[in-house]
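Structure first, then comments.
The values are calculated or read from the model by the stated rules, or taken from the named source; none is laboratory data. Here the structure is a predicted model, which is why all the values come from computation and not from measurement. Positions of Cβ are generated from backbone atoms using ideal geometry, with glycine treated the same way; all protein chains shown enter the neighbour counts.
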Amino acid sequence: MATDIIAIPEEQGLETHGIERVSPKTRTHVRIRDNFTMWLSANLVISTIALGAIANLAFGLGFWDGLAVIIIFNIIGVLPVAFFSTLGPKLGLRQMTITRFSFGWIGGIIMALFNVAACIGWSTVNVIIGGQLVNSLTNGAIPEWLGILVIAILTTVVSIYGYRYVHRYERWAWIPMAIIFAILVVVAVPHMHIIPTPAFGAVEIAGFISFGGAIFGFATGWSSYAADYNVNQPEETPAGRIFWLTGLGIFVPCVLLETIGMAFTSWIPKGGGDLLATFRSFWYTSCITYSLAGLCTSFFNSYNKYCYTPDEKDCST
């Protein structure tokens, strides 16, 4: 039977603890800025650009109305994640364990199962886009299935090492991605133009709301494990700082990259990995960088679903 509180030593290998409450006396993660860099790296990835690209391709929006959707619905979407993230240090519990207070024992199991399904789904999206990119940039020399398999394996290897190693990776992973995306923008700007806003009507409203739902879902989708990645931070960690660092860590990269993805389609009307693969004349090393970017997000999803097992004894009290 799981104990109510577990004292977690400094782990050097695989993470061995589960959903037990972390004792306030053994929380050694004091880098509060990790609440920003963690989410920054997770969202500064190719799937964020791919999402922005559908504004025009799938919903027929122009640049300015698409930008309005991106800003408004990202603001709404990050609020639950930023709030739930403040509960990690306060309670020392994983996000799905916290749901037991609202949904009860059976309800908590149902929520955990939904969360596992969502994690698997998002992991699948990220590794598929990475695999597509590798395949396109190598002119088919590396098949999609192989690229997908390699990225999935790398994701799993790091994830099973747990909280500490995921944070170490995400703390720096955003830097090469930021550089690559910045260079891409410089290369693409001369070729891009403002896509005009379509005439106001039922079609425009439907596209606005539908794209808004996609943007909102992408941002707020982190809610189901918001508290997982600061559960080892001290109880006295300021909730206000956690809220803003987490919120900005999601809002900033989402708005920037979704806008870039939307703008790219004014030059290259493609989506997913095929859109970014068009830049194959640009450094081939970007292929590796883009593909590994999928790991930034996949680490979250893979590590999170390993944290919960439906048959765990209750430890949320």
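What the table shows:
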{"item": "Test: residue in the stretch 59-66 that is aromatic (Phe, Trp, Tyr) and within 24 Å of THR237 (Cβ to Cβ)", "result": "no"}
{"item": "Failed criterion for TRP222 (all others in (1) surrounded by fewer than 21 Cβ atoms within 10 Å (Cβ to Cβ); (2) closer than 19 Å to PHE84 by Cβ; (3) modelled with pLDDT of 85 or more hold)", "result": "(1)"}
{"item": "Pairs where the first residue, in the stretch 188-211, is over 20 Å from ILE72 (Cβ atoms) and of a type in the set (Gly, Ala, Ser) and the second is modelled with pLDDT of 85 or more and surrounded by 10 or more Cβ atoms within 10 Å (Cβ to Cβ), C-beta under 7 Å, 6+ apart", "result": "ALA188/PHE264"}
{"item": "Members of the stretch 39-90 found to be under 24 Å from PRO176 (Cα atoms) and either among the charged types (D, E, K, R) or not in a helix (DSSP H, G or I) (or both), listed by number", "result": "LEU44, VAL45"}
{"item": "Residue within the stretch 177-193 that is over 26 Å from ASN230 (Cβ atoms), part of a loop (DSSP other than H, G, I, E, B) and either at pLDDT 80 or above or not hydroxyl-bearing (Ser, Thr, Tyr) (or both) present", "result": "yes"}
{"item": "Residue, surrounded by the fewest Cβ atoms within 10 Å (Cβ to Cβ), within the stretch 136-149, restricted to residues that are part of a helix (DSSP H, G or I) and in contact (Cβ under 8 Å) with a residue 24 or more places away in the chain", "result": "SER136"}
{"item": "Selection count, the stretch 51-72, where residues are within 30 Å of THR86 (Cβ to Cβ) and within 21 Å of the chain's Cα centre (by Cα)", "result": "7"}
{"item": "Checking LEU93 against (1) modelled with pLDDT under 90; (2) assigned to a helix (DSSP H, G or I); (3) more than 29 Å from ALA50 (Cβ to Cβ), the condition it does not meet", "result": "(2)"}
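Yes or no, residue by residue, for (1) surrounded by fewer than 21 Cβ atoms within 10 Å (Cβ to Cβ); (2) among the β-branched types (Val, Ile, Thr); (3) at pLDDT 95 or above; (4) in contact with a Lys or Arg (Cβ under 8 Å, 6 or more places away or on another chain):
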residue: GLY213; (1), (2), (3), (4): yes, no, yes, no
residue: ASN230; (1), (2), (3), (4): no, no, no, no
residue: THR237; (1), (2), (3), (4): yes, yes, no, no
residue: THR246; (1), (2), (3), (4): no, yes, yes, no
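Residues are listed down the side, and each one gets a yes or a no for (1) modelled with pLDDT of 90 or more; (2) under 24 Å from ALA219 (Cβ atoms); (3) in contact with a Phe, Trp or Tyr (Cβ under 7 Å, 6 or more places away or on another chain); (4) surrounded by fewer than 22 Cβ atoms within 10 Å (Cβ to Cβ):
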position	(1), (2), (3), (4)
GLU20	no, no, no, yes
ARG27	no, no, no, yes
ASN35	yes, yes, no, no
ALA42	no, yes, yes, no
PRO89	yes, yes, no, no
SER102	no, yes, no, yes
